[in-house]
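First comes the structure, then the notes that go with it.
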Amino acid sequence: MEKFLVTGALGQIGTELVVRLREMYGEENVLPTDIRMPERGPMVGKSFEILDVTDKERVMEVVEAFQPDSILHLAALLSATAEENPELAWHINMGGLFNTIEAARIYGTQYFTPSSIGSFGPSTPKDNTPQHTLMRPTTMYGVNKVAGELLLDYYYTKFGLDTRSVRFPGLISFMQEPGGGTTDYAVEIYFDAIRKGEYTSFIDKGTYMDMMFMDDAIDAIIDLLHADPEKLKTRNAFNVSAMSIEPEMVAESIRKHIPDFKLNYDVDPVRQGIAESWPNSLDCSEAKEQWDFNPKYDLDKMTEVMLKNIKVKVTEQ
Ligand code: AKB
């Protein structure tokens, strides 16, 4: 049975990825790690390691002890937090990536880490952004993501490391709210729709960004990890997305279930600036051609699942 080590396991992606991997491969074959122990949720009381990815010695120790087949490195600061503290972002995002990819090289594991739409910048073509194009981001997060993509290519070419990655758009989930991202409005809006019947968006009307429901994101990671290596020509990161949306479109979709839902705006100039430097929509054809990327959720289907599950969550609280 394959074994997976996950860093940043208590984050938005890790929370759902660990559950899915454990369902597929068994609890003993998936080791979640993070800088703190889980206090609630499905990881409580199961095997878990405290791991600060900037501590190289400890990264090596945990990898050596668990002997994973794949390292899934998720620990990172998101775009808005990284912009508030660029030095810390460099330390965590680049330090963590370097230590974990080195561990993958030394212990001969497969390596996955997500890139992002944040790797693009204002000079990138905005619509149907190609897989291979200008990448000159103007945020620290974007600089980290481009450097990360280049490292994945470097380790693949120089050391033959089995590197795999995707450029994730905003990820939308009800299990774990994100923190510090530019696309977070698209998650908050659903929680506030249930809790308050209204939402004040920090991203302006008409600002299009790519998004994807978390189920599709988890499928994408697992499918890419198992894709035939012979067919993978892209080793830095594949464009992936399920929808290109802006706040009014999400509000309209919510109103199909909550007709009185109100959307207000109080635009945050920092996050708005970041959003405007990112693409409106991505061309995902290489992911479709090389490993059959095929997201299942469009906006309305996602809205239905989000509202239903958040309602249950909020009622139980
Ligand atoms: C963020 O907004 O920072 C992330 C991302 C798109 O990488 N969700």
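The values are calculated or read from the model by the stated rules, or taken from the named source; none is laboratory data. These figures come from a predicted structure and were not determined experimentally. Note that each Cβ is placed from the backbone with ideal geometry, even for glycine, and that neighbours are counted across all protein chains shown. Ligands, DNA and RNA are excluded from the accessible area calculation, which covers all protein heavy atoms including side chains. Shrake-Rupley method; radii C 1.70, N 1.55, O 1.52, S 1.80 Å.
Worth a mention:
- Residue selected from segment 136-160 under the condition crowded, with 19+ Cβ neighbours inside 10 Å and in a loop (DSSP other than H, G, I, E, B), by the criterion farthest from the ligand (Cβ to nearest atom): P137
- Segment 173-192, residues that are within 20 Å of D268 (Cα to Cα) and either among the hydrophobic types (A, V, I, L, M, F, W, C) or within 9 Å of the ligand (Cβ to nearest atom) (or both): P178, G180, G181, T182, T183, D184, A186, V187, I189, F191
- Residue among V53, V62 that alone is part of a helix (DSSP H, G or I), within 27 Å of E27 (Cβ to Cβ) and either open to solvent by less than 40 Å² (accessible area, probe 1.4 Å) or in contact with a helix residue (DSSP H, G or I) (Cβ under 7 Å, 6 or more places away or on another chain) (or both): V62
- Yes/no for K233 being over 20 Å from the mean Cα position of the chain (by Cα) and within 16 Å of V166 (Cα to Cα): yes
- Being out of contact with any His (no Cβ under 6 Å at 6 or more places or on another chain), touching a residue at least 40 places away in the same chain (Cβ under 8 Å) and within 11 Å of the ligand (Cβ to nearest atom) is true of M212.
- Filter pass, G206 being on the phi > 0 side of the Ramachandran plot, more than 14 Å from the ligand (Cβ to nearest atom) and in contact with a helix residue (DSSP H, G or I) (Cβ under 8 Å, 6 or more places away or on another chain): yes
- Matching residues, segment 77-88, being in a helix (DSSP H, G or I) and within 11 Å of the ligand (Cβ to nearest atom): S79, A80, T81, A82, E83
- I92 being part of a helix (DSSP H, G or I) and closer than 23 Å to L150 by Cα: yes
- For segment 95-135, a residue qualifies if it is assigned to a loop (DSSP other than H, G, I, E, B), more than 26 Å from G160 (Cα to Cα) and within 16 Å of the ligand (Cβ to nearest atom), and the qualifying residues are F120, G121, P122, T124, K126.
- Note on segment 11-40: among residues that are assigned to a loop (DSSP other than H, G, I, E, B) and free of Cβ contacts under 8 Å to residues at least 60 places away in the same chain, the one that is nearest to L51 (Cα to Cα) is I35.
- For segment 193-211, a residue qualifies if it is farther than 23 Å from E84 by Cβ and touching a Phe, Trp or Tyr at 6+ places or on another chain (Cβ under 7 Å), and the qualifying residues are A193, G197, E198, K205.
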